[in-house]
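So the structure is just underneath, and the comments pick up after that.
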């Protein structure tokens, strides 16, 4: 005997649990919600009994639903509340017997064959806080599942005859691929009973073998094995120090223990760590957390420990550490074969390790190979990842803009310049201070550059001149709006 | 003396996604800056040249003609047309480039006709010099000299404020001196003003499919590529004054502008293909016109003869004889192929056109004004539009023109597709990196049930509207909102790509490609010219409109069926005063007819009560946005029914407005009023006509209106009369109808009404075979046919033809092609297989026709297989067709059919019909609902006819038409269909906003309100409340005709 537990209108039920004021109002959740998208056309994913009573159905566009029920309360889907509700449902299932199958997102089926005590009374007392729960028992898991999903059959011990009045759309629970509903609808089949009455052989000739299996299922002729639910092992770990520690060694010791456990769990699942999440909870109540991206998927303790150690060595904490959290993002371990004839680093893992250490110290996105940025903005650059894909540095396709070498001031020197205005633009006359003050005796320019005009925060505009001052120095002078003069270098 | 400078390498927005200003804006700016000339050199064409030429004439500068020529390595350089021959060569070469993908290397212009500049940084020379490949650059320059001649190549130098300009220009100057060719300064502007750089950047992003943030060096380094003044250019090139001076020298040397375009409409050829002289053409035209007149009138009365002579003399004088002969030749071709056609527009004012059979309206009988069509004062060519049945028949005529004149002598006019509100927002928000959902939201708000009433919003209105709409999508503090607003407003109205005009054809007999470049249209077998219809008209290129009209296709089909049944009807001979037709019109029983079937027309017919054919012409003209906006409908009806005194606005208008009771309803009247009241000459009146027809912007109309006011003031016309006249002209500028056009349309409208009265089966069959067309869905037409005693039989694979057919005078049979999803090939195969041998069984049908599995299901669901042996009902067919077809085993298994599935109920059959055909021959869904609900409180459409004004009523039905025209001030009209007819609902603006969702989304509605009987005694329900109709299957709804 199997029992199925089902929470009707699961998404809306979960959302309403945390929204006590709306619990008795007609409420619905929409299928998708992207910011800025028109709500009116979105179909309804789930609704509560009050909304259904107002004449609305699942799949209706919101605009149509609002015609029938102008007061419809549109709720946002609440993944956290759903997770809590699902955990509670699973807990109820596990309380009945250990062999539980998660049949659907809102349904679990429990094998009662290992249970010695009658389940009758327990089922009668089943309840969830602020959510309805339906159940049904049957000789096969599928019959129990179908029975639990409908109010008219819930609470019963289901036989094939009990299912006959249910609507034909129930079959979509059983369909593994394709949608047979269109044809069944054309055939005028309204209920499961209509379907069950079809001659099996003739139907299989027309629709193939799968509907034949549904036929058998509905007649209780097949009983499948449950796909038993096994909770995933958690990778997140915590280490509490009895007293706040201030020495690095103690933290390293605790960290290594956690990493050993993590390595074991990863090995057991044939996975590798992609990145590590690490948090030190301090006595002061504050915490220090970092996510460390590993250069390549790691399973070994040393490979994971090395960047964390660099990180720990570089931090200075103002109070003692009371606990340590460690978690990992996983990926499949790579099995790369090095190239035979290509050049490669003698010890690539050490190069990766160094990069990981650097990134641990500087922060993510701050380590890589700098390349000239694809912008006219001076000094723009981009960082190409140092490890991984090969870097393709674009060939210089044009003659250099300025063939004379420039000795750059880093950073450029802010100076004062005497200037006049010509054609609404400044026109420098003399450098008043800085390393090379003097009158400008010759100039080329202005060279005009501007960009990022669409973003007020980033928009920039500058005028450049190559000037010669009385001291015979050739300089690059820059004006940035509104009124910054800079000496950028000397030729 | 100020600096002299001509910009000879400028782009306009017709260099699609490169230039960022209209050609007109470039010209206007160039004139403001004091440039002497400007050459718009768009990519691979003269797209913007015609507009530039027109604008330059107005601004008093010269617009030189040029283009960017593309060479094999993908680079482009500007080429200017120095002479007419040069223009012709270039135009032909561009046509070769577009039609044959012919490269420029094969292009060898004769010396002196074309002038090449070396181009900007993307040109062949600079590109190499920027890579420091001097030898290759020298080679390229030498090739240009070889190709164009040393005197005709200029080394172009630009200064855009970039650091490498100096180095590049040094190389260019060295090269020019080495080759002894002159330098030429240019700023190669992409836009008119510095601020337009932003749009140019956005276009660069669209061209490269990247957002602005990722575009990097694809964008301009600065905003310097704008049109600069002679003073700025002189300052910029102060070290090279000859480069600036050369621009003026070159501009003076260029002799050619589009003023000298030598397009000539072809002469009509003789039997051997040699063109006839004008006199010979006139003689031939006279002969044909008189022969036609005898045929049309029986005897040629003095009045007819005088008019013919008058027209023929004028046609000869203006040199248009060939034009009439050529149009007549087209009409003859169509008639010879049995294609129904009819000229419309002002051509219907001409007795020559009537005699030749181009038009079907007798202008003498109808007292139509020939001068509206042709007058000595008019510079422009006559405008003859010909309607053909839409679809393949019209394509047949178009292809005939292409064959007859050759691919290089015939083309469609272009239609410039511009950025509208939605596309501008979508593209600009995309380049700014906004998510697509923002654009979707904007589109939804834009559609906002705005009726296409009186007028498309102007650019300014569009921009104001934008601010309102955008604030509901993005917060005012959004950092990119300002950029988005700017880009949106700049992009609005910019050319996007070139489409083709719906029917405008241009022909020539001496090489159309020498006058304007041609390029392939999207539709195979068609070419388009690079100018739209207004540009063509401005350039004196004559177009003939070969338009498609769905109703003509329907009439042709109906007449063909009639002929096939042995009782042919000649539409030309049907009596024009048939009382039965006018009775039908007076009771507004006009569903399916031409032009008088809309809800507004049906509401007016009982008030207007047309008694003559001319009344019908007025009816066609009066319910149009023009007269409605101009508030001319009510005055006319009031005066006609004696409730208002006739007012002729001004005494000078009395004669002109007499026929329409003082209300200017036709374009001819408006032009005549301008002549009579403001003293406009014929040429000025023609200018007014062209301004009214010019849809691109209001500038031309504004100029003419100002002139009109000045003239009226000079002639002492009172302010009030002036206002009335200007308003009526303003309304006509939008949707003006010439009287002859109204009469031509009235002719088709009358023919459709006549067929509906006398041959309803053929009439409805013609309509059903040519869907979608008109105002109503196929389902409403079927319901209307049934109300008129026509039995409509369902689709059957045993009895139906490919198309809907007439079985007898009161029965028609739906055709197989009505089934949505049944291929034409399968429909043909069914008819063929059945013709060879009747289907013995379902298996026989399936094995011989071999429909796809979807088609099998479709045929079964629609009940088309029902007549086959052993198939009793649709479900049985649906059960049987699912059985795989094994030829050897079939016989054994096919017999197993013992009533496994129940037959469909009536409502299920209706659902199946709507799903497969969008219409049903069965009962109206409202009848089923009424039988099921058993309620008597809810009235039927028919019941409203007998109820008094002011009584509260409740009606229910299927919403077949929801309208909210711009002319209705926000009120909404719904046509509610039930089993007895159509009830009209009126929902005021407030109620509409309150119940918007019900009104716009529910297919079946229940409405409460007060019955109103207005003039004409037509019942309308003034709705106070609307709700969805409960307990009805929404699958039974047909598509509603909404908000058009």
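Here are the numbers for the structure shown:
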item	result
Test: residue in region A:214-221 that is within 13 Å of chain B (Cβ to nearest Cβ) and in contact with a helix residue (DSSP H, G or I) (Cβ under 8 Å, 6 or more places away or on another chain)	no
Residue B:564 being in contact with a helix residue (DSSP H, G or I) (Cβ under 9 Å, 6 or more places away or on another chain) and away from every other protein chain (no Cβ under 14 Å)	no
Top-ranked residue in region A:440-461 [being buried (at least 18 other Cβ atoms within 10 Å of the Cβ) and more than 41 Å from the chain's Cα centre (by Cα); ranked as farthest from the other protein chains (Cβ to nearest Cβ)]	A:440
Residue within region A:60-72 that is in contact with a strand residue (DSSP E or B) (Cβ under 7 Å, 6 or more places away or on another chain) and either more than 14 Å from chain B (Cβ to nearest Cβ) or more than 30 Å from residue B:437 (Cβ to Cβ) (or both) present	no
Any hit, region A:409-424, residues being within 10 Å of chain B (Cβ to nearest Cβ), modelled with pLDDT under 90 and assigned to a strand (DSSP E or B)	yes
Which numbered condition residue B:690 misses (of (1) touching a helix residue (DSSP H, G or I) at 6+ places or on another chain (Cβ under 8 Å); (2) closer than 22 Å to residue B:651 by Cβ)	(2)
Yes/no for residue B:771 being in a helix (DSSP H, G or I) and either modelled with pLDDT of 80 or more or more than 30 Å from residue B:810 (Cβ to Cβ) (or both)	no
Per-region count, region B:978-996, residues closer than 21 Å to residue B:588 by Cβ and touching a strand residue (DSSP E or B) at 6+ places or on another chain (Cβ under 8 Å)	7
Near pairs, Cβ below 7 angstrom, 6+ apart or cross-chain, from region B:634-645 (farther than 18 Å from residue B:612 by Cα) to any residue that is outside any loop (DSSP other than H, G, I, E, B)	B:644/B:635; B:644/B:638
Test: residue B:202 is under 38 Å from the mean Cα position of the chain (by Cα), farther than 25 Å from residue B:116 by Cβ, at pLDDT 95 or above and part of a helix (DSSP H, G or I)	yes
Residues within region B:997-1025 that are in contact with a strand residue (DSSP E or B) (Cβ under 9 Å, 6 or more places away or on another chain) and in a helix (DSSP H, G or I), tallied	4
Pick from region B:970-988, criterion in contact with a helix residue (DSSP H, G or I) (Cβ under 9 Å, 6 or more places away or on another chain) and over 14 Å from residue B:940 (Cα atoms), ranking: surrounded by the fewest Cβ atoms within 10 Å (Cβ to Cβ)	B:970
Residue among A:477, A:487 that is more than 14 Å from chain B (Cβ to nearest Cβ), in a strand (DSSP E or B) and surrounded by 13 or more Cβ atoms within 10 Å (Cβ to Cβ)	A:487
Residue list for region A:163-184, restricted to those being within 14 Å of another protein chain (Cβ to nearest Cβ) and at pLDDT 85 or above	A:168, A:184
Which listed residue is closer than 23 Å to residue A:376 by Cβ, surrounded by fewer than 16 Cβ atoms within 10 Å (Cβ to Cβ) and within 14 Å of chain A (Cβ to nearest Cβ), from B:121, B:163, B:159, B:131	B:131
Check on residue B:473, within 14 Å of another protein chain (Cβ to nearest Cβ), outside any helix (DSSP H, G or I), crowded, with 17+ Cβ neighbours inside 10 Å and touching a residue at least 12 places away in the same chain (Cβ under 8 Å)	yes
Subset tally (residues that are more than 7 Å from every other protein chain (Cβ to nearest Cβ) and either crowded, with 20+ Cβ neighbours inside 10 Å or more than 42 Å from the chain's Cα centre (by Cα) (or both)) for region A:185-198	7
Odd one out for residue A:201 among (1) free of Cβ contacts under 8 Å to residues at least 60 places away in the same chain; (2) more than 14 Å from every other protein chain (Cβ to nearest Cβ); (3) in a helix (DSSP H, G or I); (4) more than 30 Å from residue A:99 (Cβ to Cβ)	(2)
Helices (runs of 4 or more DSSP H) fully within region A:103-195 counting 3 or more residues that are closer than 19 Å to residue A:213 by Cβ	A:141-148, A:181-186
Qualifying residue in region B:210-229 (condition: over 18 Å from residue B:119 (Cα atoms), assigned to a helix (DSSP H, G or I) and more than 9 Å from chain A (Cβ to nearest Cβ))	no
Unmet requirement for residue B:573, which otherwise passes all of (1) in contact with a helix residue (DSSP H, G or I) (Cβ under 9 Å, 6 or more places away or on another chain); (2) closer than 30 Å to residue B:758 by Cα; (3) surrounded by fewer than 18 Cβ atoms within 10 Å (Cβ to Cβ)	(1)
Residue list for region B:853-871, filter: modelled with pLDDT under 90 and within 11 Å of chain A (Cβ to nearest Cβ)	B:853
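The values are calculated or read from the model by the stated rules, or taken from the named source; none is laboratory data. Given the structure is predicted, the values throughout are model-derived calculations rather than measurements. Glycine gets a Cβ as well: all are built from the backbone with ideal geometry, and neighbour counts include every protein chain shown.
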